[in-house]
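As structure tokens, the structure follows; a few thoughts come after it.
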Amino acid sequence: MVYLYYKEYLILLIKMKIIKIKNFYLYIFQCWIILINIFYFKEEENFSLNKITGSKLRISKKDKQNIILTLEQKEALIGIMLGDGFIERRKPRWIARLCIEQAYPEKKDYMFSLFELYKPLITNEPKIITRKADKRTNKIYKSLAFKTISLNCLNEYHNLFYRAFSKEEVILLQNALKINFKLNSRIEEKTKNQWLIYIQVRQ
């Protein structure tokens, strides 16, 4: 099962009548192809995180309000948010920031391509995180993670992907998914007046 946090994005595309189920998957696939072909680069196998150079960003609050994402960063962000990325905004009045974390070393090359793409917006080098041993397998897992600085331009993406919807809006989307994409789903109330759509992966 997967959570559907990008409801507003889908509703917009449905209302504009520009996608069907095959075209929607094609769009997502194209986002990743653009990301891989334009920004992909390969590091030496004996790489060191210390090889990444660059001074820390010192950006005033006023300057943060004027920073906008490039077209390439915007396109990649949609794909990231439809995958494993998330936008952190701890309080409603706080500014949002993009957080990305992937398995290490399996996704090392992919993470460094993203790091290069968002490097102008990052103050710290990627960090390797070591988890506690899994109780079921007794294996120790590692991940590679980095965060951008907090930016006003990311607030709109946070609102897009995490905005709370009324039950009526969620039912409307559920029906649209059924009619347009032939996707069966169910609705559950996660917390009071906060509804989620669950879609079966295999359909």
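The values are calculated or read from the model by the stated rules, or taken from the named source; none is laboratory data. No experiment lies behind these values; they were computed from the predicted model shown. For neighbour counting, all protein chains shown are included, and Cβ atoms are generated from backbone atoms with ideal geometry for every residue, glycine included.
Things to note:
So that you can scan it fast, the table gives a plain yes or no per residue for (1) in contact with a Cys (Cβ under 6 Å, 6 or more places away or on another chain); (2) in the same structural domain as residue 65 (by TED's automatic domain parsing); (3) free of Cβ contacts under 8 Å to residues at least 40 places away in the same chain; (4) within 15 Å of residue 97 (Cβ to Cβ):
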{"site": "154", "(1), (2), (3), (4)": "no, yes, no, yes"}
{"site": "169", "(1), (2), (3), (4)": "no, no, no, no"}
{"site": "176", "(1), (2), (3), (4)": "no, no, no, no"}
{"site": "180", "(1), (2), (3), (4)": "no, no, no, no"}
{"site": "183", "(1), (2), (3), (4)": "no, no, no, no"}
{"site": "186", "(1), (2), (3), (4)": "no, no, yes, no"}
{"site": "192", "(1), (2), (3), (4)": "no, no, yes, no"}
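- Test for residue 188: is it among the acidic types (Asp, Glu), outside any strand (DSSP E or B) and surrounded by fewer than 12 Cβ atoms within 10 Å (Cβ to Cβ): no
- Residues of segment 157-185 satisfying the condition of being surrounded by 12 or more Cβ atoms within 10 Å (Cβ to Cβ) and among the acidic types (Asp, Glu): 169
- Summed over segment 59-109, residues that are under 19 Å from residue 142 (Cβ atoms) and either over 14 Å from the mean Cα position of the chain (by Cα) or touching a residue at least 40 places away in the same chain (Cβ under 8 Å) (or both) total 11.
- Residue check for residue 141: of a type outside the set (D, E, K, R), farther than 30 Å from residue 69 by Cα and assigned by TED's automatic domain parsing to the domain that holds residue 62: yes
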